[in-house]
Amino acid sequence: MRYWPLAGSAAPEPTGESHGLVTLRPMTPSEFETFLEASIAEYASEKVRAGNWSTEEAPARSRAAHTDLLPHGLASARQHLYTIEVDGAAAGHLWLCSDPATAGGAGFIYDLYVDEPFRHRGIATAAMQQAELEAGAMGLTHLALHVFGHNTAARALYQKLGYEVTNINMVKTLSPSPSARDQV
């Protein structure tokens with residue numbers, strides 16, 4: 001396994017996974033445009049799947065959330081958008097928010113995505129390790145993230161990397177009771 005450390009960083013410890021040379025580099029404007037549209041659609045879909053938003057409202061709510069966080073696109077303050085590369089080929093993206101003045105110096109990973117042909121090769125692990133190095137260089141002392149409950153693969157990845165559960169939200173869908181149906 002080979003790592004390419006970011007400027008001024010030490011390489012992470014090898015994990016035994018095989019994936020090639022994994023790097024993070026700033027997104028280009030054209031990559032950002034592609035990322036933004038895909039991210040808006042994916043987040044809307046995930047919020048619907050999680051039962052948080054209706055299908056009708058999800059696209060607009062997702063676009064509004066992205067606009068709030070990225071009001072100036074790639075130039076938005078404290079937002080760091082990276083393209084994950086494997087041996088020089090674009091393989092996905094990672095979005096890191098940095099604000100060492102809030103929440104005890106915590107940063108937040110808003111998105112990690114590895115393209116299908118690059119999955120199951122340890123690339124997400126290496127990208128997260130690179131993001132941790134980058135976050136440390138920014139002065140962050142913690143990284144937080146959100147993962148949808150149904151995304152068991154992502155949950156396993158983050159737990160393997162040492163992320164701890166801090167909150168759990170639970171929901172149960174109820175069938176209308178016979179008396180409730182009669183009242184409608």
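Readers should treat all values here as calculations from the given coordinates under stated rules, not as data from a laboratory. Note that this is a predicted model, so its numbers are computed, not measured. Reconstructed Cβ throughout: ideal geometry from the backbone, glycine too, with neighbour counts over all protein chains shown.
For this structure, a couple of remarks:
- Scanning the range 86-139 for residues that are of a type in the set (Ser, Thr, Tyr) and closer than 20 Å to residue 69 by Cβ yields 98, 102, 110, 113.
- Tallying residues that are without any contact (Cβ under 8 Å) to a residue 12 or more places away in the chain and of a type outside the set (D, E, K, R) within the range 39-67 yields 8.
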